[in-house]
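Only the coordinates and a few stated rules stand behind these numbers; no lab work does. No experiment lies behind these values; they were computed from the predicted model shown. We place every Cβ from the backbone using ideal geometry, glycine too, and count neighbours over all the protein chains shown.
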Amino acid sequence: MIVINNVTKRYPDGFTALSNIHLTVESGEKVCITGHSGAGKSTLLKIIAGISPPTSGSVVINNTSLNPHNSSLKALWRRQFGLMFEDHKLLFDRSVFHNVLLPLEIIGAHSFKQCAQKVRAALDKVGLAAFEKSLPATLSGGEQQRLCMARALVHNPRILLIDEPTANLDADYALQISDLLLGFNQLGVTLLIATHDQALISRLNPRCVGLLQGHILP
Ligand SMILES: Nc1ncnc2c1ncn2[C@@H]1O[C@H](COP(=O)(O)OP(=O)(O)OP(=O)(O)O)[C@@H](O)[C@H]1O
Ligand SMILES: [Mg+2]
């Protein structure tokens, strides 16, 4: 369970992007964060992921509190999540296989053989098993997005934090992504997704949490 308790985020320039956010997400739940551009959706996901510290308030997952000032605890914190964020780009000079391997290399907990098995299992889940030797630039937009998903999933996270998963995808590719996300949720993975995409929302049938200028809509 994720508990966001009275979180406020003020950026260094003084702009308050989130004000007094309270939100609880149960394990296995599907939640979409909606709201206009600039409402604070990405800011909220980055705070939960431990990428950007809240100015005040707390984030607690399964009774463990995020401590933004302890870097080793922060690294452990991040392993709970699979992240698909707009600014987490693919590495275009490495193969599909090595893009998915990267998070495991950063964690450094497994042998290469174990890592390779995990990478192939993740590529299989998103239907890219045949592309492991390809370079990302040779994949379509939808395939690149599925590659991002494999990279987010490779360490078997229980929670996926996803920012605009279907942005810039045509309807067919967006549907593939929606169905993959639904499949992971059916296996028990908690989904927390920032999106404007009404088609994705209809397909996922999530609980929707609206943000307006940094406040949660009642
Ligand atoms: N690093 C930063 N420094 C200052 N202000 C920021 C920073 N990052 C975001 N903001 C501001 O905080 C507000 C919320 O930004 P955020 O990226 O969370 O919005 P969003 O809801 O994800 O929007 P979009 O739908 O366009 O992605 C915006 O007004 C944005 O300009
Ligand atoms: Mg955003």
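Averaging 1/r over every pair of different alpha carbons in the chain and inverting the result gives a Kirkwood radius of 17.8 Å.
Per DSSP helix of 4 or more residues, -39500 (n - 2.57); summed, then divided by the residues of the chain. What does that give at 222 nm, rounded to the nearest 500?
So the calculated ellipticity at 222 nm is -11000 deg cm²/dmol.
For the residues I106, I51, I33, a GNM of the chain with alpha-carbon springs under 10 Å puts the largest fluctuation on I106. With angles folded into 0 to 90 degrees, how steeply does helix 112-125 sit against the dominant principal axis of the chain? Use alpha carbons for both and round to 10. Taking the Cα atoms of the chain, the angle to 112-125 is about 80 degrees. Gain on full extension, evaluated as 0.36 nm per residue between L91 and A171 minus their Cα-Cα distance, stands at 26.3 nm. Take every pair of alpha-carbon atoms less than 8 Å apart whose residues are at least six positions apart; their mean separation over the length of region 89-157 yields a relative contact order of 48 percent. Helix 141-153 and the longest principal axis of the Cα set of the chain meet at an angle near 70°.
Roughly what % of DSSP beta bridges within the chain run antiparallel, to the nearest 5?
Values: 15 of 32 bridges.
Of the beta bridges lying entirely in the chain, close to 45 percent run antiparallel.
For the chain, a Gaussian network of Cα nodes joined below 10 Å ranks A194, A152, A129 by mean-square fluctuation, and the top entry is A129.
Evaluate the charge dipole of region 89-157 about its Cα centre and quote only its size in Debye, nearest 20, assuming +1 on the Cβ of each Lys and Arg and -1 on the Cβ of each Asp and Glu.
Numbers: 9 positive and 5 negative charges, 19 e Å.
In debye, rounded to 20, region 89-157 gives about 100.
In debye, nearest 20: dipole of the chain around its Cα centre with unit charges on the Cβ of K, R (+) and D, E (-)? For this selection, approximately 600 debye.
Helix 171-186 versus the longest principal axis of the chain: what angle, 0 to 90°, nearest 10, using Cα atoms? So the inclination is approximately 80 degrees.
Simple rule: put +1 on each Lys or Arg Cβ and -1 on each Asp or Glu Cβ in region 51-156, find the dipole, and look at G127, I51, M84; the Cα lying farthest toward the positive end is G127. Using a Gaussian network model of the chain in which every pair of alpha carbons under 10 angstrom is joined by a spring, one finds that among A75, A39, A150 the greatest mean-square fluctuation is at A75. Subtracting the Cα-Cα distance of N156 and T8 from their residue separation scaled by 0.36 nm leaves 50.3 nm.
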